[in-house]
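J.: Pasting a structure here, questions to come.
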Amino acid sequence: MASYLNLNGTEDSPVSTQDVSRCLHDSRFGDWIMIVDNVDDDAIMDREEPLVDLIPTNTKGSVIFTTRSRRVAASLVPADNIIRVDDPDSNDARDLFCQEAGLTHSELCETEKTSVSGLLQSLNHLPLAICHAGAFISGQQIAVSEYFEMLNAGEDAKALLLDDESFPQGPARAKPVLLTLSISLDCLLKVDTLAGDLLSFIACVSPRKIPKSLLPSAVDHSGISVSFLTALGLLRSHCLITADSDNQTFYMHAVVHLAARRWLRSRSQFHHWIQKAMKAVLECFPTAPSLESGNLSSCAQFLPHAHAVLEYKDFPPELDLPRCLLAHRCSQYLQITGRYSHAEWFSRLSADLSGVVFGIDNPDHLTKQEDHGTVLYRNGKFAAAIRLQRAVLENQQRLLGEHKDTLSSLNNLGLSLQGQGQYAEAEHLHRRALEGRQKKLGEDDPHTLASLNNLSLVLGTQERYHEAEMYARKAVSVKRRIYGRENLATLLSSSALAICLQKQGKFSEAEKLQREVLRSREHQLGKRHPLTLNAKIGLISTLADEGQFARTEKLARDHLALIIEALGPQHLQSLLMAHNLAFILLRLGKNEEAERLARESFLSRKRVLGAEHTDTKASEELLDDILDAIKEDMATTEKETQASFILTPPGASKVIVKEENLDEVNTIISLDESPHDLNETNSKLSEEMFPAVPGNVEFDSTTSIEPEIFLTCSSVKAMGE
């Protein structure tokens, strides 16, 4: 600063800070701006000589302080001089990144543009992290997509990329993101230990949507103390967390979250806090998730935090049981809400931990394994489900005999076999389960009624619709009497009955039932739940079977798009809907699009279900029908583009060239002659066939001539000129 101010000292009397200060106080030295950066430590304000007293004052001078602490800002300047700097929006973040990386966004390919967008979202538009990423990419001369891929490789990889010391060859201007943040965290801990505890806890759960009830003070104490509110306020004032408008839900910046986790590990405290977080999440997560209890919204609130703590693998053995219980609750919630692919990770973890906790022959362990088998079945992984369910059934029969859990295993194995197309064995197991449940549980027990429903379904797959209808009607009747018309269990049987009616051509009653099921499921489960999606597939299928193809085409297209969005393109429901849409398009004559959909459905079903599965064969048959229709269209088109000659001698009625004349006509007009003048050709035809009369040729469609010699306007159009 002294050199900028042209202050020259001597060896005996060097320039001092007081000299610089006096100079800046003096307006004769002209205009100046001083930036005091990163004033984040509250302790600075408690010094004997406050920071603000050290700053020169001058009418020609201006001072800018940067700080993460609202408290520091308020102590330095009046409130109306405080400017809050939010994270940049997507456009500003992109421009900042491209500037640091030395890139021109408009010149990037689409893949790199997508990577830029994903990278900025991953960094939550944090300027410090954006500058570091851009400088690293520029210094290392790597593609954005390559950096983004490394960033997503895991927590350790992300930390490595955001730490300059790991890349000493990187550009000097790249800021050490995690180091900068860890210094702020150290300062925070000195000011308020409870704030440090809250920060440590939040670092172990998901950084998004953190309920206040999950935080340590809310979990450990009956009331919320002043010190707790003060600690939260300190975290917010340092911009380490933000809150919703109601101050009941908190958020932590993703990069700050990563820095806090690394900070805990550097202090050997992560293991301690992840255990506290796991116990807190278990205490908050509802014990028995169910639609009837109304606790699903609470499950949704705590699910991300459950996943965050359960991902940690180095818990002590005494926490295996709590982890098992928490994973099982998460699996139950996800199954209820139809998110089976997400449920699989939790159900597998619960089953694995239960074997460690209870032992492999314990009924509780077998129950957890059975639950995992059900999730595999729901995800269409029938072979894996069958292997697990057969093992469970064998152990249950050995340990429990004809216990109700054994009957449940019979039922569930029957469902998986049915899914794989092994209908005879599936029917046998469903009948065993039904008979056993009728004896042990009674005719009106929910499990007995479930067996009635499942037996109806497996009979329907074997085209034994009359018998299937009988079981389905019985199940619907009893369920409506016990549970009511709109109960989810009742709707399952109503749907099964509708399928039987549809296959027997009883479309009116089937459509009425399917509309009722669809309406109730949309109301109770939402439009994207797999059961709701399946109900609409059934309704569209019935309308198509009635011949309402034009009406159902848009319904089918929209529904296929929704299923793919909700469940993915390779889900069995997506493949079923694609198959049905292909059938509708075939009936509407849109054969090329129908072929594409049918081929995709066939190949995917063959890969997932196997070549011998009935669904795969159904797709193969549909594809063959479409290919036959395309061949017929081609033959018809070829025939329609052919024309016949009508020769009209003057003074005579029209004479149609018959089949026996065609060879002669083709001989007269040869391909080699390639005539262009119609009158010349007409005359030649007439001279050969009616030599005494000048000729007049008119093309008609009553007889075929080789299309290569067409000369009419319609022929020109057919040949593409």
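Quick note: the coordinates plus some simple rules give every number you see, no bench work behind them. As the structure is a prediction and not an experimental result, all values here were calculated from the model. Methodologically, a virtual Cβ is constructed for each residue, glycine included, from the backbone with ideal geometry; neighbour enumeration extends over all protein chains shown.
J.: Please list 3J(HN,Hα) in residue order for segment 631-638, calculated via the Karplus relation 6.51 cos²θ - 1.76 cosθ + 1.60 where θ = phi - 60°; whole Hz, with x for glycine and proline.
T.: 4, 5, 4, 5, 5, 5, 4, 4
J.: Skipping prolines and chain starts, which residues have an amide H placed within reach, meaning under 5 Å, of the one on VAL63, given they are 5 or more residues away or on another chain?
T.: MET34
J.: Rank LEU194, CYS239, PHE270 by how far each Cα sits towards the positive end of the charge dipole of segment 178-284 (+1 on Lys, Arg Cβ; -1 on Asp, Glu Cβ) and give me just the farthest.
T.: Towards the positive end, the residue furthest out is PHE270.
J.: What residues qualify as long-range amide H neighbours of HIS238, i.e. H under 5 Å apart, gap of 5 or more or another chain, H built at 1.01 Å from N?
T.: Amide H to amide H, under 5 Å and 5 or more residues apart or across chains, HIS238 pairs with ARG70.
J.: Let me ask something else about it. With each pseudo-label sitting 7 Å past Cα toward Cβ, what's the LEU603-GLN397 distance in nm, one decimal?
T.: The modelled label-to-label distance comes out at 4.2 nm.
J.: Taking the Cβ of ARG339 as the center, what net charge do the other residues with Cβ under 11 Å away carry, scoring Lys and Arg +1 and Asp and Glu -1? Show your work: numbers first, answer last.
T.: Working: positive: ARG378, ARG528; negative: GLU344.
Counting the neighbours of ARG339, the net charge comes to +1.
J.: Tally Lys/Arg at +1 and Asp/Glu at -1 over every other residue whose Cβ is under 11 Å from the Cβ of PHE358; what's the total?
T.: Working: positive: LYS368; negative: ASP320, ASP361, ASP364.
Summing Lys/Arg as +1 and Asp/Glu as -1 gives -2.
J.: Normalise the Cα radius of gyration of segment 260-368 by 2.2 N^0.38 Å (N = residues in it) and let me know the number. Present the calculation step by step, with values, prior to reporting the outcome.
T.: Details: Rg = 14.4 Å, N = 109, 2.2 N^0.38 = 13.1 Å.
Normalised by 2.2 N^0.38 Å, the Cα Rg of segment 260-368 equals 1.10.
J.: Within segment 261-290, which trypsin sites (Lys or Arg not before Pro) sit in a loop by DSSP and count at most 16 neighbouring Cβ atoms inside 10 Å? Walk me through the intermediate numbers first.
T.: Details: sites: ARG261, ARG262, ARG265, ARG267, LYS276, LYS279; in loops: ARG267.
Passing sites in segment 261-290 are ARG267.
J.: Take the Cα radius of gyration of segment 178-284 and divide it by 2.2 N^0.38 Å, with N its residue count; two decimals is plenty.
T.: Details: Rg = 12.7 Å, N = 107, 2.2 N^0.38 = 13.0 Å.
Relative to the rule-of-thumb radius for its length, segment 178-284 sits at 0.98.
J.: Where the centre of each part is set by its Cα atoms, how far does segment 384-413 sit from segment 318-353, in angstrom?
T.: Value for the Cα centre distance between the two parts: 20 Å.
J.: Can you give me the P(r) profile for segment 372-489? Cα pairs, bins 10 angstrom wide beginning at 0, each as a whole percent.
T.: For segment 372-489, the binned pair fractions read 15, 43, 35, 7 percent.
J.: If the limit is 30 Å between Cα atoms, which of LYS113/LYS554; LYS474/LYS617; LYS404/LYS479; LYS440/LYS479; LYS440/LYS474 go over it?
T.: Numbers: LYS113/LYS554 34 Å; LYS474/LYS617 32 Å; LYS404/LYS479 20 Å; LYS440/LYS479 19 Å; LYS440/LYS474 19 Å.
Those over the limit are LYS113/LYS554; LYS474/LYS617.
J.: Where q = 0.09, 0.13, 0.16, 0.18 Å⁻¹, what log10 of I(q)/I(0) comes from the Debye formula for segment 1-154, counting one point per Cα?
T.: Evaluating at q = 0.09, 0.13, 0.16, 0.18 Å⁻¹ gives log10 I(q)/I(0) of -0.50, -0.82, -0.93, -1.01.
J.: How long is the gain from ASP92 to ARG70 if the chain were fully straight, where each residue apart is worth 0.36 nm and the alpha carbon distance is subtracted? Walk me through the numbers on the way to the answer.
T.: Values: separation 22, 0.36 × 22 = 7.92 nm, distance 2.41 nm.
Roughly 5.5 nm would be gained on extension.
J.: With 31 Å as the limit, write out which pairs from LYS209/LYS527; LYS209/LYS381; LYS503/LYS606 have Cα-Cα distances beyond it, or answer none.
T.: Values: LYS209/LYS527 24 Å; LYS209/LYS381 33 Å; LYS503/LYS606 24 Å.
LYS209/LYS381, as the Cα separations exceed 31 Å there.
J.: How big is the convex hull of the Cα atoms of segment 547-631, per residue, in Å³? Don't skip to the answer; put the middle values down first.
T.: Numbers: hull volume 6.7 nm³, N = 85.
So the per-residue Cα hull volume is 78 Å³.
J.: Let me know the charge dipole size of segment 178-284 about its Cα centre in debye, to the nearest 20, where only the beta-carbon of Lys, Arg (+1) and Asp, Glu (-1) is charged. Please report the intermediate quantities before stating the final value.
T.: Working: 11 positive and 7 negative charges, 73 e Å.
Magnitude of the dipole: close to 340 debye.
J.: Assuming R0 = 35 Å, what is the FRET efficiency of GLN462 and ALA561, from their Cβ-Cβ distance, to the nearest 0.05? Provide the component values of the computation, followed by the final result.
T.: Working: r = 33 Å, r/R0 = 0.93.
Calculated transfer efficiency: 0.60.
J.: So, in nm, how far is label GLU593 from label THR111 when the simple model puts each one 7 Å beyond its Cα toward the Cβ?
T.: 3.1
J.: Pop a pseudo-label 7 angstrom from the Cα along the beta-carbon direction at both SER122 and ARG528 and give the gap in nm to one decimal.
T.: Those two pseudo-labels are separated by 2.4 nm.
J.: How large is the charge dipole for segment 547-631, taken about the Cα centre, if only the Cβ atoms of Lys, Arg (+1) and Asp, Glu (-1) carry charge, to the nearest 20 debye?
T.: Details: 12 positive and 14 negative charges, 29 e Å.
Charge dipole, segment 547-631, about its Cα centre: 140 debye, nearest 20.
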